[in-house]
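Contents: one structure, followed by commentary.
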Amino acid sequence: MLDRLSGYSLTERALMAAFAASAALLAGAHLFEKVGGFVPCILCLDQREAHWTALAVAAAGLLAARIFKSRLGAAAAVGAAALVYAVSAGLAFYHTGVEYGFWPGPAICSGGADVGGIDDILGSLDKKTDAPSCEDAQWRLLGVSMAGYNLLASAGLFALTLFAALTETRRVKRIRQGAPENRAG
C-alpha cells in the first residue's frame, strides 16, 4: 500500500487524506442520523457543509493533479482545503463551547418554537425552531461529543493541508529561483 502512495506528491497525498477523512466523517454523521436516530442540530448541519465543501475541493485538486497534470491546481486546492478545515475547526470549536456552556448558541439553536411562514423568513432567524438544541450533545465517547471529535479531526486536517500547501509553495519558490526540483515532496 505504501509503495503505491510513494508515486504521489505530498500535495496529492494530503488531498487524498482530506477526501477520505471528510467522506468518512460525513458517512459517520449520516449513519448516526439515519441508523442511530440522532437528529442533527443547526450547528451540526453547518459543520457538515464544511466537510462537503472540503470533499469537493479535494476532488477538484486530485482531478487537477491526475487528469490535467496541474501541480499548480493541486497546490491551490490543498491551500483552499486548509482554509475550509480552518472554518470547520472554528465551527466545531464554537459548537463544542455551546455544548459545554462556555457561551450561548444562536437563538435558532434553542429548539421548540415555530419558525413562521415564507413572509417572515428574515424575522424567523431570531426565533426558535423544532430542531434539537445545540446545547445538548446527543452522544459522547470518553466525554467528547461529535462536535468535539469534529474539532479534533478538522484541526488535524487543517494542519496536514496547511503543511502540504506550505511545502508546495516552498518547492515552487525554489524552482523559480533556479534550484533543481526534488521529486520526493
Taking r as the C-beta separation of Ala23 and Gln177 and R0 as 41 Å, the FRET efficiency to the nearest 0.05 is 0.60
Those chymotrypsin sites (Phe, Trp or Tyr not before Pro) in the stretch 14-109 that DSSP places in a loop and that have at most 14 other beta carbons within 10 Å
Phe68, Tyr100, Phe102
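Read-outs: derived from the displayed coordinates by stated rules, not from any lab. Not measured: the values here are computed from a predicted model. Cβ: placed from backbone, ideal geometry, glycine included. Neighbour counts: every protein chain shown.
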